[in-house]
Amino acid sequence: MAVLEILEFPDPRLRTRAQPVTSVDDDLRKLVDDMFETMYDAPGIGLAATQVNVHKRIIVVDVSENRDEPHAFINPELSLSGEIVETEEGCLSVPGFYEPVTRYEKAFVRALNPAGDAIELALEGMLAICVQHECDHLEGKLFVDYLSNLKRTRIRRKLEKAHRVRA
Ligand code: ZN
């Protein structure tokens, strides 16, 4: 397994719309393993393939305290329901920033698992919110898009400055 490089806002590659996975094979399973390793190493609670510059519809999440409830969803389709809830969100592609974002509290996901089986799962709470955040990545969307222009610009400038210092 390998820890992959995570793209950071405002990298334009994060705006790519991911393509559906057409075959679930060993290469894809290796990518999923690497995505889990990258997410746990960061550490984060979710990661979309987009964030590691692979523009395929794959997300991994684990919102458990003990980091032992991994979920991988390939070609996820969401149906959203329930109340609108606000939580502080962060993102491995927007390191160091946490801002309130509103999402649905429940999500029903249909996807393939890494074995290639069709699965359906009812999600709620943090898991539902995290999956909505990761599915946004597959559309080239980031949580900062929900913020005001002013806030988004401030975050972009700070990260650009940080990238210059690191370069
Ligand atoms: Zn994210």
Residues that are in contact with a helix residue (DSSP H, G or I) (Cβ under 9 Å, 6 or more places away or on another chain) and in contact (Cβ under 8 Å) with a residue 60 or more places away in the chain, drawn from region 142-167: Leu142, Val144, Ile155, Arg156
Number of the exception - Glu89 against (1) under 11 Å from the mean Cα position of the chain (by Cα); (2) closer than 20 Å to Leu147 by Cβ; (3) of a type outside the set (A, V, I, L, M): (1)
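Might you let me know whether region 90-107 holds any residue that is assigned to a strand (DSSP E or B), touching a strand residue (DSSP E or B) at 6+ places or on another chain (Cβ under 6 Å) and loosely packed, with under 15 Cβ neighbours inside 10 Å?
Yes: one or more hits.
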Selection count where residues are in a helix (DSSP H, G or I), among the aliphatic types (A, V, I, L, M) and modelled with pLDDT of 95 or more, scope region 140-167: 4
Count - residues of region 58-108 that are under 27 Å from Leu159 (Cβ atoms) and among the aromatic types (Phe, Trp, Tyr): 2
Residues satisfying the stated conditions in region 98-141, i.e. of a type in the set (A, V, I, L, M, F, W, C) and either touching a residue at least 60 places away in the same chain (Cβ under 8 Å) or near the ligand (Cβ under 10 Å from one of its atoms) (or both): Leu112, Ala115, Met126, Leu127, Cys130, Val131, Cys135, Leu138
Sole exception among (1) among the hydrophobic types (A, V, I, L, M, F, W, C); (2) within 15 Å of the ligand (Cβ to nearest atom); (3) outside any strand (DSSP E or B) for Phe73, by number: (3)
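Per-residue answers, yes or no, for (1) within 14 Å of the ligand (Cβ to nearest atom); (2) aliphatic (A, V, I, L, M); (3) under 29 Å from Asn149 (Cα atoms); (4) at pLDDT 95 or above:
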position	(1), (2), (3), (4)
Thr22	no, no, no, yes
Lys30	no, no, no, yes
Gly44	yes, no, yes, yes
Gln51	yes, no, yes, yes
His55	no, no, yes, yes
Sole exception among (1) crowded, with 22+ Cβ neighbours inside 10 Å; (2) in a helix (DSSP H, G or I); (3) among the hydrophobic types (A, V, I, L, M, F, W, C) for Phe36, by number: (1)
In region 76-89, residue nearest to the ligand (Cβ to nearest atom) [restricted to those that are free of Cβ contacts under 8 Å to residues at least 40 places away in the same chain and of a type outside the set (Gly, Ala, Ser)]: Glu88
Test result for His55, crowded, with 20+ Cβ neighbours inside 10 Å and either more than 23 Å from Leu121 (Cβ to Cβ) or touching an Asp or Glu at 6+ places or on another chain (Cβ under 8 Å) (or both): no
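Answer with yes or no whether Ser93 is among the polar types (S, T, N, Q), closer than 27 Å to Leu28 by Cβ and in contact (Cβ under 8 Å) with a residue 24 or more places away in the chain.
Spelling it out, Ser93 is indeed among the polar types (S, T, N, Q), closer than 27 Å to Leu28 by Cβ and in contact (Cβ under 8 Å) with a residue 24 or more places away in the chain.
The values are calculated or read from the model by the stated rules, or taken from the named source; none is laboratory data. Owing to the predicted nature of the structure, the values given are computational and were not obtained by experimental measurement. Here Cβ is always computed from backbone atoms with ideal geometry, including for glycine, and neighbour counts include all displayed protein chains.
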